[in-house]
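Below is one structure; the comments refer to it alone.
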Amino acid sequence: MTIATTPWLSTAIDFYKYTMSQLQYELNRTTHVRFALTNRGSERIADLVPLATLRERFSAVQARGFCPAELAFLAGLRTRADAPLFTSAYLTYLAETRLPDVHVELVDDALAIWSAGDWPIVTLWETVVMSIVNECYFDALRLQTGTTHTAAGDARLAAKIALLQQHPDIAIVDFGTRRRYSAAWQHHVLSQLQTHCPTQLVGTSNVAYAHDFGLRPIGTYAHEMPMVYAALAPHTPGAVRAAHQQFLQDWYARYGTDLAIGLTDTFGTERFFADFDQHHAQRWRGLRHDSGDPIAFAERVIAFYDAQGIDPRTKTIVFSDSLTIERIIQLHQRFHGRIGCVYGWGTTLMNDLGVPALNIVMKTTHADGNPTVKLSDHAGKQSGPAEVVARYQQEYFAIPTQS
């Protein structure tokens with residue numbers, strides 16, 4: 001299974017990387033940020049994938065740079081008010097700025113991949129690095145086992161499509177770039193979905209494939225935004241909370257309602273709702289669930305909007321945590337008609353071919369030398385040095401001393 005070679009810098013940059021990058025360019029252009037790959041699973045990737053192969057792939061992307069057609073597509077994206085979403089100054093920055101180096105090493109006999117640089121450019125590596133690691137790993141696995149996985153993948157995909165067709169009011173978005181089996185497989189899955197479920201596939205996070213398939217590119221922001229804001233805050237009581245509030249204000253000021261989907265779990269949903277008051281609730285279009293019990297979360301969100309005098313049916317929840325077709329149907333049957341529901345479907349859509357998917361992430365670890373922290377609603381997704389995590393937990397609600 002192959003697709004035509006694209007002249008684009010990469011078929012693996014998700015839309016949310018650009019929306020975040022533009023705000024970073026405008027407000028934090030020289031903030032120095034480090035990203036590092038973490039393997040949450042037990043697979044020994046470096047046993048199968050030569051480090052030289054990864055270095056070659058990353059270097060090829062770095063050397064390619066952004067092509068005019070790619071930048072033209074971004075330039076043509078519009079807001080709901082029919083204004084350009086991306087400024088000419090930002091697009092010129094992309095055209096003129098080289099991606100920083102990606103370092104590939106063995107540390108304690110395990111694969112270590114990291115990159116560091118100015119925040120608005122280094123951020124673009126995240127989905128590219130993850131997709132390349134995945135593709136190289138599964139290429140090597142096929143060679144080692146002599147097994148072609150696409151037949152099993154097609155059977156599983158056909159079963160998912162059949163279930164989706166039974167529930168025609170389910171709306172899905174492809175969120176699978178970062179953990180896809182391969183670029184060709186993601187392209188194939190999107191082709192099948194567009195053929196068999198054209199009204200249910202409402203968009204993709206993958207900008208290149210949004211262009212190829214005429215789909216809406218979808219995404220807002222990720223955990224890295226409030227994580228870096230907090231890392232840059234002073235070590236004083238209440239500063240982390242103030243940084244998160246400042247980020248929410250900056251994001252809405254830049255993008256307004258168009259991209260106003262709040263991610264609740266960076267520092268824990270309890271902390272998020274303490275700051276997401278009626279003013280925010282009325283303006284923001286909805287919230288994204290990415291860790292913890294999705295049913296408990298959605299019930300809480302509905303109750304929250306009811307308590308604010310807001311009809312939940314005018315708002316949206318984007319479910320995006322470890323979705324399966326069965327979980328999507330379960331959530332839809334419970335919440336359809338009570339609140340708007342969209343399903344950001346990732347790993348089990350784009351990497352379900354009968355072999356275990358990798359559980360990898362690439363997150364910010366430092367900003368201007370300060371460690372970053374993610375608290376999450378799930379212990380397995382927490383990140384950051386233990387002592388800094390503890391400080392965040394203790395100080396988030398701390399009241400600054402009055403002078």
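The values are calculated or read from the model by the stated rules, or taken from the named source; none is laboratory data. Note that the coordinates shown come from a computational prediction; the quantities given were computed from them, not determined experimentally. Here Cβ is always computed from backbone atoms with ideal geometry, including for glycine, and neighbour counts include all displayed protein chains.
Counting only residues that are without any contact (Cβ under 8 Å) to a residue 60 or more places away in the chain, among the aliphatic types (A, V, I, L, M) and part of a loop (DSSP other than H, G, I, E, B), how many does segment 338-382 have?
1
The condition of being in contact with a strand residue (DSSP E or B) (Cβ under 7 Å, 6 or more places away or on another chain) and part of a helix (DSSP H, G or I) holds for only one of ALA46, ALA69, ALA89, ALA60, that being ALA46.
Mind listing whichever residues of segment 18-47 are in contact with a Gly (Cβ under 8 Å, 6 or more places away or on another chain), surrounded by 15 or more Cβ atoms within 10 Å (Cβ to Cβ) and either within 16 Å of MET362 (Cβ to Cβ) or of a type in the set (A, V, I, L, M) (or both)? Passing the criteria: only VAL33.
Filtering segment 180-199 to residues that are surrounded by fewer than 16 Cβ atoms within 10 Å (Cβ to Cβ) and in a loop (DSSP other than H, G, I, E, B) leaves PRO198, THR199.
Please determine whether any residue of segment 315-335 is surrounded by fewer than 20 Cβ atoms within 10 Å (Cβ to Cβ), touching a residue at least 12 places away in the same chain (Cβ under 8 Å), more than 29 Å from LYS160 (Cβ to Cβ) and out of contact with any Pro (no Cβ under 7 Å at 6 or more places or on another chain). No, because not a single residue in segment 315-335 is surrounded by fewer than 20 Cβ atoms within 10 Å (Cβ to Cβ), touching a residue at least 12 places away in the same chain (Cβ under 8 Å), more than 29 Å from LYS160 (Cβ to Cβ) and out of contact with any Pro (no Cβ under 7 Å at 6 or more places or on another chain).
Here LEU74 clears all of (1) more than 29 Å from PHE247 (Cβ to Cβ); (2) touching a helix residue (DSSP H, G or I) at 6+ places or on another chain (Cβ under 7 Å); (3) assigned to a helix (DSSP H, G or I) except the condition numbered (1).
So that you can scan it fast, the table gives a plain yes or no per residue for (1) polar (S, T, N, Q); (2) surrounded by 16 or more Cβ atoms within 10 Å (Cβ to Cβ); (3) under 30 Å from ARG142 (Cβ atoms):
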residue	(1), (2), (3)
LYS363	no, yes, yes
HIS366	no, yes, no
ASN370	yes, no, no
ASP377	no, yes, no
GLY380	no, no, yes
VAL389	no, yes, no
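Restricting to segment 213-227, and then to whatever is closer than 16 Å to LEU23 by Cα and part of a helix (DSSP H, G or I), can you tell me which residue is nearest to the chain's Cα centre (by Cα)? Lay out the reasoning, then the answer.
Quick first cut of segment 213-227, residues closer than 16 Å to LEU23 by Cα only: 219-227.
Now drop any that are not part of a helix (DSSP H, G or I), which leaves 224-227.
Numbers: GLU224: 10, MET225: 11, PRO226: 14, MET227: 14 Å.
Within segment 213-227, the match that is nearest to the chain's Cα centre (by Cα) is GLU224.
To keep it simple, each residue is scored yes or no on (1) under 28 Å from GLY256 (Cβ atoms); (2) touching a helix residue (DSSP H, G or I) at 6+ places or on another chain (Cβ under 7 Å).
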{"residue": "PHE276", "(1), (2)": "yes, no"}
{"residue": "GLY309", "(1), (2)": "yes, no"}
{"residue": "SER320", "(1), (2)": "yes, no"}
{"residue": "ILE328", "(1), (2)": "no, no"}
{"residue": "ARG338", "(1), (2)": "yes, yes"}
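Selection of first residues in segment 46-63 that are modelled with pLDDT of 95 or more and of second residues that are in a helix (DSSP H, G or I) and among the hydroxyl-bearing types (Ser, Thr, Tyr), restricted to Cβ pairs under 7 Å at least 6 apart or on distinct chains, gives the following pairs, ordered by first then second residue: LEU48/TYR137; VAL49/TYR137.
Within segment 286-298, does at least one residue satisfy the condition of being small (Gly, Ala, Ser), in contact (Cβ under 8 Å) with a residue 12 or more places away in the chain and assigned to a helix (DSSP H, G or I)? Within segment 286-298, one or more residues are small (Gly, Ala, Ser), in contact (Cβ under 8 Å) with a residue 12 or more places away in the chain and assigned to a helix (DSSP H, G or I). Within the option set ALA242, ALA210, ALA230, being assigned to a helix (DSSP H, G or I) and either under 22 Å from ASP352 (Cα atoms) or touching a strand residue (DSSP E or B) at 6+ places or on another chain (Cβ under 7 Å) (or both) holds for one residue only, ALA210. Quick one: would you say GLN166 is in contact with a strand residue (DSSP E or B) (Cβ under 8 Å, 6 or more places away or on another chain) and among the polar types (S, T, N, Q)? Judged against the criteria, GLN166 is not a match. Can you tell me which residue is farthest from ASP14 (Cα to Cα) among those in segment 344-403 that are touching a strand residue (DSSP E or B) at 6+ places or on another chain (Cβ under 7 Å) and small (Gly, Ala, Ser)? If we take residues in segment 344-403 being touching a strand residue (DSSP E or B) at 6+ places or on another chain (Cβ under 7 Å) and small (Gly, Ala, Ser), then GLY384 is farthest from ASP14 (Cα to Cα). When segment 129-179 is limited to residues that are charged (D, E, K, R), crowded, with 16+ Cβ neighbours inside 10 Å and touching a Ser or Thr at 6+ places or on another chain (Cβ under 8 Å), the one that is farthest from GLN330 (Cα to Cα) turns out to be GLU135. Checked against (1) aromatic (Phe, Trp, Tyr); (2) in contact with a Leu (Cβ under 8 Å, 6 or more places away or on another chain); (3) over 25 Å from GLY176 (Cβ atoms), TYR25 passes all but condition (2). Taking segment 263-304 as the range and being more than 16 Å from the chain's Cα centre (by Cα) and among the aliphatic types (A, V, I, L, M) as the test, the residues that pass are ALA274, ALA281, ILE295, ALA296, ALA298, VAL301, ILE302, ALA303. Taken over segment 358-386, residues that are of a type in the set (Asp, Glu) and touching a His at 6+ places or on another chain (Cβ under 6 Å) amount to 1.
Comparison of VAL61, VAL104 shows that the only residue that is closer than 30 Å to ASP368 by Cα and either touching a Ser or Thr at 6+ places or on another chain (Cβ under 6 Å) or among the acidic types (Asp, Glu) (or both) is VAL61. Can you find even one residue in segment 293-311 that is closer than 29 Å to SER182 by Cα and modelled with pLDDT of 95 or more? Taking every residue of segment 293-311 in turn, at least one turns out to be closer than 29 Å to SER182 by Cα and modelled with pLDDT of 95 or more.
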